[in-house]
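The values are calculated or read from the model by the stated rules, or taken from the named source; none is laboratory data. Remember, predicted model here, so these are calculated numbers, not experimental data. All Cβ positions, glycine included, derive from the backbone under ideal geometry; neighbour counts span all protein chains shown.
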């Protein structure tokens, strides 16, 4: 039968691996703000598949020769990320100065480089929350509201009820495969932060229930290691 100090040695050897993982991940997580772990994301395809990060729905609208797309919480122009928006995209049009995006809460104005110029909501002059967007025959933006349709001045600073025939509302367009692939790659690689991955590794959740059980066993082994170490030390002290 193995003596206590031999059990202590074997448990120590087994526990060493888990001590390294727990200590190193804990040390890194302790400097989360400095290392900006929550601002960095993992792009490894194996890890993303392991987290069951699948494909995301994409909604696209054609405006002139530009394709405006929304997926997850991101908006893209021709597959290139331009801004973050949690709101759905209801339509997109262009004016001489702006690309105008309609969301359920506001209109977002972009320049043709994709930079935000302004955002117009009911608090800043928009008469109603948009249900859709279009243009009249003269090229003025028209917003579809719950109660009526509203025509804007070219600068989108003055609104009045639309008089005359209703426009054809902007409808979603098909997303070309190469653009859809670019969008999926971007969205999937921005779902899991480095902080979350390290937390999951630290707790064992990265490997599911198996990993949690292994880390629980490791914790028990460390407790046994500490207790057996105290017993061995106390016996040696008593001999002296």
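Numbers at a glance
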| read-out | value |
| --- | --- |
| Meets criteria (crowded, with 20+ Cβ neighbours inside 10 Å, touching a strand residue (DSSP E or B) at 6+ places or on another chain (Cβ under 7 Å), assigned by TED's automatic domain parsing to the domain that holds residue 154 and at pLDDT below 95) for residue 76 | no |
| Criterion violated by residue 151 - all others in (1) surrounded by fewer than 19 Cβ atoms within 10 Å (Cβ to Cβ); (2) without any contact (Cβ under 8 Å) to a residue 60 or more places away in the chain; (3) touching a strand residue (DSSP E or B) at 6+ places or on another chain (Cβ under 8 Å) satisfied | (1) |
| Subset tally (residues that are out of contact with any strand residue (DSSP E or B) (no Cβ under 9 Å at 6 or more places or on another chain) and in a helix (DSSP H, G or I)) for the stretch 164-195 | 6 |
| Total residues in the stretch 46-68, condition under 16 Å from the mean Cα position of the chain (by Cα) and not in a loop (DSSP other than H, G, I, E, B) | 3 |
| Hits in the stretch 117-147 (condition: free of Cβ contacts under 8 Å to residues at least 40 places away in the same chain and farther than 16 Å from residue 105 by Cα) | 117, 136, 137, 138, 140 |
| Given (1) touching a helix residue (DSSP H, G or I) at 6+ places or on another chain (Cβ under 9 Å); (2) under 21 Å from residue 76 (Cα atoms); (3) touching a residue at least 60 places away in the same chain (Cβ under 8 Å), index of the condition residue 180 fails | (1) |
